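Worksheet: one structure, shown below.
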Amino acid sequence: MTRRVAPVLVAALTSPRTRAARRWLVEGRRRLGRAPHRILYFHQVDDPYSQLAAQVLERLQAKYDVELVPLLVGPPPDAAAPERERLVAWSRRDAADVAPFLGLRFRDPGRQPPRELSMRATQMLAAAREGAAFAALAPRVGEALWADDGVALEGLARACAPADATATAGALSEGEARRRRLGHYLGAMFHYGGEWYWGVDRLHYLERRLDALGVRRPGAQAAPLVTPPLSGDGAIAPQAGRLTLEAYLSLRSPYSYVAMERLFRLPGRLPVDLVLRPVLPMVMRGLPVPREKRLYIVLDTQREAEAAGVPFGRVCDPLGRPVERGLALFPWARQRGRAAQLLHSFARAAFAQGIDAGTDAGLRRVVEGAGLPWSQARTRLGREGGWRDELEVNREALLALGLWGVPSFRLRGRAGEPDWTTWGQDRLWRLELEIRRRLAKGPRGGRSDQMGP
């Protein structure tokens, strides 16, 4: 019953019509209350993504007639960060990797800032929570903090009279309570009118909404404040050789699904050999996904799917038996040269068509949608065939990369080059840039800088 009803409910929740109705109600209440366009911004001082977001706050206020309300928060709770050490390390690497391409600054020092400096930075920002003052101070405080520059931090402190320990604890408590009440768990989050926008990666969605409301200031630029560079479509010289790209995907991950179509087109556009390495869903690997995280992911995926031109919304959660049945057919589909088609057909069924692959009728639609014969597929169900062992190897390889989530990617380095890794469907632009950069150097191009532009 749940699998039959859920697709209808999720489709209603994620539909553009529902979103438009929610926004209409929010704006109606705002006008009745004669309230300003108020954006809440949740800042975590030792979060790299918060440091990136802090660098656009002044420009955001200059571009739009909005009231910015900064709130201080600590790290996400354990339930939302089950692999905390990997998350912390990856956040630094990723922020340092993408910052130069986005016109921002961040350098990974290889460790988190010292606790005493983080507290000092928090005290300073707790004393400057008025929007304009915070927007001006936060990036400078963060830059000194991440540079482990206590002298620079104290120089800034002399100009802003840091809050005492009690006031700072109160500011953190207030920010975390408000974040929790509104239904989120991360830092670097913008909240406007009932919707969440993560850092600079989702800021363009907030800007689009503000533009639709007509609050852009006269003369302000129309282009988004932060835009990933175009990867380009230029030809690659034949002598560049080929690269190997490993893709770690999950059949229960909506982000994996949103990435699949673009990912599977890559070998047709670039000389890349794609190796698919599926893993079990996080929950089936013993990693919890709290309710507020699941809800945010569904709504965020809808936006990302719309932007990518991918259908999404009729969701039939494939957790458990459906995933196992689909993965049991993966080695067979690979032998027939249809592995990518099977994964895509399964994910499309789960996240766009509301099909329950736990039933024979549902799995048959998945199999035939991948161009495979159901008569042969059904004879392979129930056979272990080593697929569980293969998925465990993939899981261990993913963890060895310092990653745990999906979709994740490893671009294999050629002689003299290191491997290059990234995580997230919203890093496909960065992946393609790296592929093109390495191919442009040719097979004898020498050692590359893994994290640089």
For the chain, what's the relative contact order in percent, using C-alpha pairs closer than 8 Å and at least 6 residues apart? 19 percent
If you line up the long axis of helix 2-14 against the longest principal axis of the chain, both from Cα atoms, how many degrees apart are they, to the nearest 10? 40 degrees
How would you classify segment 185-320 from its alpha-carbon gyration tensor, with a ≥ b ≥ c the square roots of the eigenvalues: rounded for a/c under 1.5, else prolate if a/b is greater than b/c, otherwise oblate? oblate
Nearest 10 degrees, 0 to 90: what angle lies between the long axis of helix 150-160 and the longest principal axis of the chain (Cα atoms)? 50 degrees
For the chain, calculated [θ]222 nm from helices alone, where every DSSP H run of n ≥ 4 adds -39500 (n - 2.57): -16000 deg cm²/dmol
How much accessible area per residue does segment 150-192 have, in Å², with a 1.4 Å probe? 48 Å²
Once both labels are modelled 7 Å past Cα along the beta-carbon direction, what's the ARG105-ARG178 spacing in nm? 2.8 nm
How many percent of the accessible area of the chain is carbon or sulfur, using a 1.4 Å probe? 53 percent
Segment 301-453, relative contact order in percent, only Cα pairs under 8 angstrom and at least six apart counted: 17 percent
Quick one: compute a quarter of the convex hull surface over the Cα atoms of segment 1-111 and quote it in nm². 10.8 nm²
Relative to the longest principal axis of the chain, what angle (0 to 90°, nearest 10) does the C-alpha long axis of helix 339-348 take? 60 degrees
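Over the Cα atoms of segment 326-415, compute the convex hull volume and normalise it per residue, giving Å³.
Convex hull volume per residue, Cα atoms: 123 Å³.
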Dipole of the chain, positive end: most advanced residue of GLY354, PRO162, PRO76 [Cβ charges, Cα centre]: GLY354
Roughly speaking, what % of Cα-Cα pairs in the chain are separated by over 34 Å, rounded to a whole number? 38 percent
Amide H contacts under 5 Å for VAL69, restricted to residues at least 5 apart in sequence or on another chain and with H modeled in the peptide plane, are ILE39, LEU40, TYR41
Hey, how many Å between the Cα centroid of segment 137-201 and the Cα centroid of segment 387-427? 32 Å
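The values are calculated or read from the model by the stated rules, or taken from the named source; none is laboratory data. Values in this document were obtained by computation on a predicted structure and should not be read as measured data. FYI the Cβ positions are ideal-geometry reconstructions off the backbone, even for glycines, and counts take in every protein chain you see. Just the protein is used for accessible areas: all its heavy atoms, side chains included, with ligands, DNA and RNA removed. Shrake-Rupley method; radii C 1.70, N 1.55, O 1.52, S 1.80 Å.
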